[in-house]
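Each remark here refers to the structure printed beneath this line.
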Amino acid sequence: VAYIIGSAIPSISTLVSIIGAFCIYNLSYTFPFMFLLALMWRMDAGSLDAFDLVTMTVTKADTYKNWSRWKRAITSGGWKRTLAKVALFLLSLASLANCGLCAYTAVESAIETYSNSVASPFTCTAPV
């Protein structure tokens with residue numbers, strides 16, 4: 001199967017770089033920062049919620065439609081925790097920007113490779 005895929009796509013390295021730029025980079029760098037930020041927000045926003053062990057229900061103090069829950073999610077936990085949340089947010093934005101740059105470079109490289117390539121699929125001759 002790998003031989004067929006490798007033979008069908010003459011410059012498979014460009015396809016791999018595009019997949020890496022769009023998918024693998026986000027899984028490695030962007031999503032961990034976003035997931036940790038979302039976890040910290042949810043933990044701090046739900047600090048006033050009550051859980052009843054008898055009925056197994058959660059009674060929420062307010063909803064995300066209210067500014068008080070957002071304020072508690074962002075600023076709760078002291079200045080060090082708030083600073084950590086701001087740092088995670090900035091790291092998430094920087095990772096997304098870097099992912100965009102990687103994707104742009106990968107697509108431009110693929111366009112250049114395919115426009116100058118003499119390789120064709122399923123041939124036995126070397127393209128070089």
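None of the figures in this text is laboratory data; all of them are computed from the coordinates on show. The structure presented is a predicted model; accordingly, all values stated were derived computationally and were not measured. Every residue, glycine as well, gets a Cβ built from its backbone with ideal geometry; the counts of neighbours run over all protein chains shown.
Here are a few things to note about the model shown:
- From the coordinates shown, Kirkwood radius over Cα pairs in Å corresponds to which of [x] 18.6; [y] 17.3; [z] 15.2: [x]
- Stretch in the chain that is longest and holds no trypsin sites (Lys or Arg not before Pro) that DSSP places in a loop and that have at most 14 other beta carbons within 10 Å: 66-128
- Gaussian network model of the chain, springs between alpha carbon atoms under 10 Å - residue of M56, M34, M43 with greatest fluctuation: M56
- Take the Cα of A87, go 7 Å toward its beta carbon, and the backbone nitrogen atoms of segment 22-36 under 19 Å from that spot belong to 29-36.
- In the chain, a dipole from Cβ-located charges (positive for Lys and Arg, negative for Asp and Glu) runs towards its positive end, and of M40, T57, V86 it is T57 whose Cα lies farthest in that direction.
- Relative packing of peptides 95-104, 46-55 - highest average C-beta neighbours within 10 Å first: 95-104, 46-55
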